[in-house]
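The values are calculated or read from the model by the stated rules, or taken from the named source; none is laboratory data. As the structure is a prediction and not an experimental result, all values here were calculated from the model. FYI the Cβ positions are ideal-geometry reconstructions off the backbone, even for glycines, and counts take in every protein chain you see.
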């Protein structure tokens, strides 16, 4: 047995496809794409990102079977996976493609092929595992989100702002949303002081949601605007109250 594939993304990085283009190609080459539920296909409309990886492979006497895992990030932060079976029916024959909505259907289809049971396959580790968020309170927009995170961290002036680890994490952001936060009020101290608190929520390629909290205020000696960024709302509010107390 040999596996002439590397554990890399199924689509070449030098020519990335949009999630819609990737789905169209997958369905176009699958012999059984008409069997997929309309609900499943409908959920993939407007997907934010996708990733593909080789899941398992078996090669024997000119016959082969590979399975691929195709996962899309949806706008609500959840993930949807389709499984692709690629095989030939005779030694050296052209590959045929099939697609399934769950791994049980995939295994049942693979068991019908003239190869040893799939349990004997060489299985590769998953490249990504998307967090199964059931719901999200954010309406994300894909719009240069990684660059937005970089600029937000760059303009933060507080010494305890998020560091390199957070910056590296947010470099994988594929969508974000900015909202003005409301809650317990901060102490203004002086009428001229101005405070605003914003949540910058980011959706990452692995399905994680990460928020940064931006406190914008004029609690400075010369009254100029200052931006501070924190990893939690409580930290941001506490910093705003400290700033106001210093000038009150």
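Worth pointing out:
- Failed condition for residue 170, given (1) at pLDDT 90 or above; (2) buried (at least 18 other Cβ atoms within 10 Å of the Cβ); (3) closer than 25 Å to residue 242 by Cβ: (3)
- Count of residues meeting criterion [at pLDDT 80 or above and within 22 Å of residue 109 (Cβ to Cβ)] in the range 1-23: 2
- Test: residue in the range 131-147 that is at pLDDT below 85, out of contact with any helix residue (DSSP H, G or I) (no Cβ under 7 Å at 6 or more places or on another chain) and within 14 Å of residue 212 (Cβ to Cβ): yes
- Here residue 38 passes the criteria (1) surrounded by 15 or more Cβ atoms within 10 Å (Cβ to Cβ); (2) within 24 Å of the chain's Cα centre (by Cα) except the one numbered (1).
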